[in-house]
Each structure stands twice: as structure tokens, then as C-alpha cells.
Ligand code: BGC
């Protein structure tokens, strides 16, 4: 009897909701107050078969068809990661010839990664999102998060470097920022687009461990941490199947394992087969080189559906995902954000990313920053000083509102007080005695700023082809040596991605890596050169001395043979290879100098008792120099005796700290279980060995200043006894005894930890009616809040102790907070219950480890209503996140989304676990339902 109650309530609730919703069937999808999934269902139910087909493929290069009878507008997609691309098409790759398609050009992805500043990722995404809305775009094709495996990949500049942790941290902020503007991001290219050679066909063979540990984490973070709404399949094949319809990648991993709810689109012309596209997880076909009606998911799909050879449910699922993205980004909503273009704030973000992303690689005798007051003449030499780069690179190029090139930036900074002379020095197609003139200019100047490197010409940093080698083109190796011989005070600035430098590096006193710094790049560079800004960028990828040192090339696994490239280096990508094999790089991963110095001290490893959180590294950083500056403290983990081979060390945390001269700050880097885990391909799961781990902290992967070892305490793994299947509220309300709920006071060991929780009230109105805990005192917060109105408090503090004794977490704790609705408000009577617990929920059997802390749990949801049947709460399930936790504030989740998920999944599964980081709750007024947070443990 007790155990059947939850089911009954759910059914009753779903039924009631449907009845309500069906009152005005045609309007539901247009009503922003309706739950998302109800809107999706409603719209789906009104589409004809042909209309559904029109939703899953393009009707021009960058759009999908409108359905005017239902008010479905055309959807506009646009590249890309660095800003809103100029308009293309409609039916060719030519630009559309518009005059209103300019945008702010952000620095390239690799420059953003070099900032090691996730907040900047957010701000870039937010600014691009605003520009996308102002330009009428619905889906933005970025960020690109493929791992830098070989220095030769033509798209390295668009991506976020060689490390999965860094790439994940940077892309999550970007996506959240962009999607905050009612625009969907599109994370790309899923997966393994690590070279452009034969990109439409090359087949990648990579072991399961490297796939999981190196190539997929950024995508997983985009899905699970950022809640990305769209994802683009890669052109290449993986294990013999094209990625745009790769069953393993799209169905098994992305959708089943990760619980992705958004849509998968093909890369442009990345679809090759109707049946595979229909069955293997593709939801939107773009860019196929055929008439739109002949696209694989157009007429050919319709024909097979009509013949019954492909399931209609498959089409509905694709359409559902497309509609979900449309509705989630406010396509029908009057209040959808309208955006803005090229604002001062956008320009400021572009400049700040360049300022924080440019990396100072060498600075002998502190030749930099230049003292403008002491220089009479500066010679600027090099083609890249005047080359506009923002428009280049192919799909990621931007028609910038303006672009401050390096020469402009330097001239502006000089402000007429310094004589700036310019000599090109070299040019793609040569030119008579350019080098001679440059040398003469160098001799005539007090200092030389050489600005060279690569560019976006095909064969360098450009989509569609790889570089032939890692050399500086156009005779720059020789030119730099001639210039520095003529004037030893020569500062070399390289744009582009990594090049070999051995020929001249020992001779030049200073080197800056400027990547592609966007339309404010010249200003940013000048501000660094003259010391207005202290450089703080760090390399997001290892710079090898020579190509042959880097793993893919050392092992001869580039570009592949007979159409297949095998990633034989496995996990040893980037610094993982150089460090494990003990090969000296030119510049290591994470390296970057500053105009000041930083002292690291006082490392303490503080064991954490959370299920997820293992240890927190605490240490101090002090700015011991004379100027303000920022340091990126990096934390690497080395495992002593792993059961399976692991790289020498791996980045698992970092913090960018801004310090005034003399200022000291305490830095905390919490490490979760994931920081110690590896993917066990035998067990097909993530595993943390009981072993000793060395924690190393420093200024780069090879400049480690602090070290300590840590042995995580063996976790008590226990199977929780379930309070049959009723909610604590139900138990309490029905005056169950403690024994009846499985709590046996006096039989446990003494408490092992205590925790303080603070629940954000988010201005909720109403009064707490009761606060109860099941464990160690029934009233841990002492009811002290009463009768305080919640809108007058910001958080509800409560604390309790917790005992994990023996094998059985019986009793555990359940923490209930009942809020009674403020009667004076017009909204219906509601009660909200927030509880922290791991085995007192009506979800069947839950396996738990020992403890939880508020910070180490991720957000899931459950809901309640005071329907006639009484109060009911229902728990949410694993791997299915219907919404993303905002950085602050509470989460507002549609009840119907939630119920849909419950309907579709077997919810009494033993695999379920919840992993809660934060909770907030919010009453959606007038709708008779609530959402709130639920804390729980994670299954071991
Ligand atoms: C690129 C994608 C891009 C698409 C649309 C493709 O060639 O690989 O990154 O988004 O074109 O321009």
C-alpha cells in the first residue's frame, strides 16, 4: 500500500496536467508559461508528415524552412566560434553580398583558451549571443572543442588546445554565456576532427580510453555542465562510420549515456546515407551537396517512412529535438532577447581576451615592457603588422566592424611621441630587397618590433587543409636573424599557431605569441608591449622543438594510411606525451611569463568528506614584483601505482588570480573524484584506484612549485536501506516511528561529519511551516527561522550531523523544509519541500557512498503538488538533466519536462544516482507545481 502511493500520485498528476493543457490545444506551444515539453508535444501533434520532414533538413545553406500556417519562422544558423559570420548563400558558399552583416571579431579560440579564464569564456559567448540575436540568428555554430593532436591541423586555431580539462572549462562558460541570450550554441565537431587531411572521409581509430579521457570530455562538459542545445557531427569517420551518423557516438554515448536532449546537426555535407542518418542519431541535415528536396533526410527519408521501412517514431524524435531547441531559445516568445551589435562592451571583451590570451614566451633582461618615454624611433617589421586576419580561416572568419592591426595599435599607443617606422620585410609572393629595407629600418631604430608568423592562407591556419610542416613561411627564419643582427633589441611577435623556432629563438631577447587576437588585437598587443597591461596568457598546447617530437609524428601516425589514421599514442597527447617520454619541448603546456613574479607557498591538502569531492588543495600566491599581474596556478595530478598505465601527470584544476604588487591570496582548488579517475576500458567505467596521488601545483606543466601526496581514504560503500517507497513527509505526516523509517538511534557509531547547508530562498514568499531532520535531533535548525517571511531572508541555514556506520546507511538523514504558501497571494496553495537525503526518497533502491556536501552535488530536480490526493514529491533520475543550473539563483524547470522524462524511462533503476551540487527552488506562480533541489549521494 505504502509503496504504491508514489506511482498513483504521478499518474494522477500527469493526467490532471494533460486535462488542463488540452483545453486550448493550438495555443499551448505559443504560451511561454507552459512547460517546455508540453509545448513541444503540442506543436509536434499539429505537424503533417511533410512538415516534419521539412524540419529535419535545410532549405538553404544556413536555414531551415518556415511553416507559416503554424507561425514557425525560418531558422537561421550561422558560424561560428569567433563571432557572427557574414551572411552566406542562400544556395552557394558565396557571401550573400549584404551590407549589414558585420560583427565584432573576437580573438580565435586558441587565444581564448590561452587566457585560462573561464569568466572570459562566458563573456565572449554572451557578446556573440547578443550579436547573433541582433543579426537574427537562432543557432551559432561554435564553440569548436576538438583536441590539438598534431601541430599541423589546419583548424587548431579555432579550437581550445590540447588538454581536455582546459577545453572543458573554457567551453562551458562560452556556451552558458551564449545561450543566456536566447541563442543555441552548437558545440563541434563531434568527434575526433583532429586533422583536416581528407577530412570528409578520413577514418579515425582510437582506443576507448583515449576516446573517453582525451577526445570526449569537452563535449561531455558542453552537454552535461553547459546544457548545450545543439551539436555538430564531424566530417570524418570513427571506427568505419561517418560521425554525422555514427551510432556509437550519437546514440549510445551522447544521447543514452550523457542524456543529451538537444539536436544533432550534420556538418555541411557530412551526411552520406538516409538509413544511417535516420537511425543513428542525426536530427538535422545541413549543407548536403544536392537539391534540398533530395537531401538524405528529405524526400528519400519520406519515401522510406511511407513504405514503412523506417519508423515514424524516429522522425518524431528528431522533430521533437528540433522543436525543443526552437522553443527553448524563445523562437515564439515575444520577450525573446533582441541583442545588440558592436557595443563598447563587446569591443572591450574582444580586447580583454587578447590582452589575457597573448603569451609572453621570452623576456631576457626584462627588455619588455618597452619604455615609451625612452624610445625615439621604433621599427615595426613584418607582414602581419598590417595584415587583417579576422576575416580569414574560412568558416570562422568574421567581417569585422573594424580591425586594429598591430601597426595601428602601436602607432595609436605611440601617440605621436615616438617615431614609428614600418617595413614589411617579407611578403607571400616576395618583392625586391624587402629584407634589405627591413634591416635598414632595424638599424635606424632604438628597438624593433617584428610581427610575423602564420596567417589564414590555405595550408596554414585555415579550415579544409593541414599545414605541410611546422616551419615559419616566407623566409622568416632568415629574416628574423638578419634583423636581430642589425638591432639586438628586437622583440618578436608571432601571430598564428605554433612554429619551429630553433633557428632564431636563442638570438632574440623577447618573444610574444599573439595567435589571432581579433579586431582589438593591435590595441591589446600595444598595451602589452608598452606595459599598460601585464601579460598573463599561458600556452594551451605544448610547443615542440620540432614536429618529429610530437606524438602523432614521432610514431608516424599522421595523416594516416589507406584512409585510416590510428591514434597509436593513445592517451599521450600533448604534454602527456612529452612528460611521460621525457622529451624537452620548446615551450611546455601552461607556460607563460609575466612582468611580475609570483611566489607559491603553504600547500595544504585538506581531505574532503563528500561523495564527489575528495580533497581541496589550499595554497598561497603572492605577487612579489613591482607591478600588478595575474597568475594562472595550475594543478596537476600524478598517480603513483596505477592499475592501468596513465600519463605522467594531468591537469585537473587551475585558477587565475589577479594580484596587486605585494598582495597575497589564498587559493582553493577542490578536486572531485573525476580528478583521480581514469576510464577502465575493461570495466567500461570510470575508476579511482586506492593509491597515492601526487598533487603538483605551479606556473606551468614544467614549473611546479608545490607538491604533496595524498591517499584518498577508502570510501565506505554501502547499500542504503530504502524507506520502502514513501516520502519523508508522508512518513512524518503519518507519524511513522523512527524505526519504521529505518532509523535506529543508538546503534550507529558516532557522527563522522557535520555539514552546514544554506538554501537560497530566491525571494520566495511564504513562511516556513516546519523544518525537520530525520537524524540526530529532529530539528537541526532549531526552528529559529519562524515565523520569518522567506522573502526577507536570503538563505535558510540548517545544519546536521551525519553518521555513516557499518555497511548500512540506514536512517541516514532526510532533511525536510516545508513552506506554506502565503495565503494573501493569489496563487494556489503550494507546499515546497527541500530535503537532503540519500535513501529516504521514493525512488526504489538507492546505492550510496557515505556522505554529501552541498558543494559537491549537482542539481537535479523533483517536484510536488498539493493535489487533492495530498502532497507528493518525486525524485528525478540520473543522466537526464532537463535544465542547466545557472551560475546563481534558482533553477526553473518545467514540470512537464520532468514528467515526460519519467514517462519515458524506467525510473526504478538501480543505476540511478544523483549527484547534486547546489540547490535552489522556485515556485512558478499560479501553475500548481513547484520545482526544487534534491541532494543525494552518488552510487559507487
Ligand atoms: C565546417 C563547420 C562549419 C560549417 C558551416 C563546415 O565546412 O566544418 O565548422 O560550421 O562548414 O560553415
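The values are calculated or read from the model by the stated rules, or taken from the named source; none is laboratory data. Here the structure is a predicted model, which means the values were calculated and not measured. Quick reminder, even Gly has a Cβ in these numbers, built from the backbone with ideal geometry, and neighbours come from all protein chains shown.
Of the residues 338, 331, 349, only one is surrounded by 22 or more Cβ atoms within 10 Å (Cβ to Cβ) and at negative phi; which?
Residue meeting the stated conditions: 349.
Of all residues in segment 66-87, count the ones that are within 12 Å of the ligand (Cβ to nearest atom) and farther than 21 Å from residue 145 by Cα.
Going through segment 66-87 one residue at a time, the tally reaches 2.
Of these, 235, 301, which one is modelled with pLDDT of 95 or more and over 25 Å from residue 148 (Cα atoms)?
301
Name every residue in segment 480-498 that is over 35 Å from the mean Cα position of the chain (by Cα) and either assigned to a loop (DSSP other than H, G, I, E, B) or at pLDDT below 95 (or both), in order of residue number.
487, 488, 489, listed by residue number.
So, of the residues in segment 88-104 that are within 14 Å of the ligand (Cβ to nearest atom) and part of a strand (DSSP E or B), which turns out to be nearest to residue 60 (Cα to Cα)?
Among those that are within 14 Å of the ligand (Cβ to nearest atom) and part of a strand (DSSP E or B), it is 88.
Only one of (1) in contact (Cβ under 8 Å) with a residue 24 or more places away in the chain; (2) over 22 Å from residue 351 (Cβ atoms) is not met by residue 516, so which one is it?
Exception for residue 516: condition (2).
Which residues, counting only those in segment 518-539, are in a loop (DSSP other than H, G, I, E, B) and more than 24 Å from residue 156 (Cα to Cα)?
From segment 518-539, those in a loop (DSSP other than H, G, I, E, B) are 518-520, 530-539; that's our starting set.
Answer for segment 518-539, where residues must be in a loop (DSSP other than H, G, I, E, B) and more than 24 Å from residue 156 (Cα to Cα): 530, 531, 532, 533, 534.
Would you tally the residues in segment 20-65 being crowded, with 17+ Cβ neighbours inside 10 Å, more than 21 Å from residue 137 (Cα to Cα) and modelled with pLDDT of 95 or more?
Of the residues in segment 20-65, 5 are crowded, with 17+ Cβ neighbours inside 10 Å, more than 21 Å from residue 137 (Cα to Cα) and modelled with pLDDT of 95 or more.
Could you pull out the residue among 185, 168 that is in contact with a helix residue (DSSP H, G or I) (Cβ under 6 Å, 6 or more places away or on another chain), outside any loop (DSSP other than H, G, I, E, B), under 27 Å from residue 680 (Cα atoms) and touching a residue at least 24 places away in the same chain (Cβ under 8 Å)?
It is 168.
Tell me which residues, restricted to segment 189-217, are within 15 Å of the ligand (Cβ to nearest atom) and either assigned to a loop (DSSP other than H, G, I, E, B) or farther than 19 Å from residue 465 by Cα (or both).
Once the filter is applied, which keeps residues that are within 15 Å of the ligand (Cβ to nearest atom) and either assigned to a loop (DSSP other than H, G, I, E, B) or farther than 19 Å from residue 465 by Cα (or both), segment 189-217 yields 191, 192, 193, 194, 195, 196, 197, 198, 199, 200, 201, 202.
Report, by residue number, each residue of segment 66-87 that is surrounded by 18 or more Cβ atoms within 10 Å (Cβ to Cβ), modelled with pLDDT of 95 or more, part of a loop (DSSP other than H, G, I, E, B) and touching a helix residue (DSSP H, G or I) at 6+ places or on another chain (Cβ under 9 Å).
81, 82, 83, 84
Considering only residues of segment 142-165 that are more than 16 Å from the ligand (Cβ to nearest atom) and assigned to a helix (DSSP H, G or I), which is nearest to residue 675 (Cα to Cα)?
165
Considering each of 528, 614, 606 in turn, give the residue that is at pLDDT below 95 and crowded, with 24+ Cβ neighbours inside 10 Å.
Result: 614 is the single residue among 528, 614, 606 that is at pLDDT below 95 and crowded, with 24+ Cβ neighbours inside 10 Å.
Can you tell me which residue among 397, 452 is away from the ligand (no atom under 16 Å from the Cβ) and buried (at least 19 other Cβ atoms within 10 Å of the Cβ)?
Testing whether each residue is away from the ligand (no atom under 16 Å from the Cβ) and buried (at least 19 other Cβ atoms within 10 Å of the Cβ) leaves just 452.
Anything in segment 126-141 that is within 16 Å of the ligand (Cβ to nearest atom) and crowded, with 24+ Cβ neighbours inside 10 Å? List them, or say none.
Filtering segment 126-141 for residues within 16 Å of the ligand (Cβ to nearest atom) gives 128, 132, 135, 137-141.
Matches in segment 126-141: 128, 132, 137, 138, 139, 140, 141.
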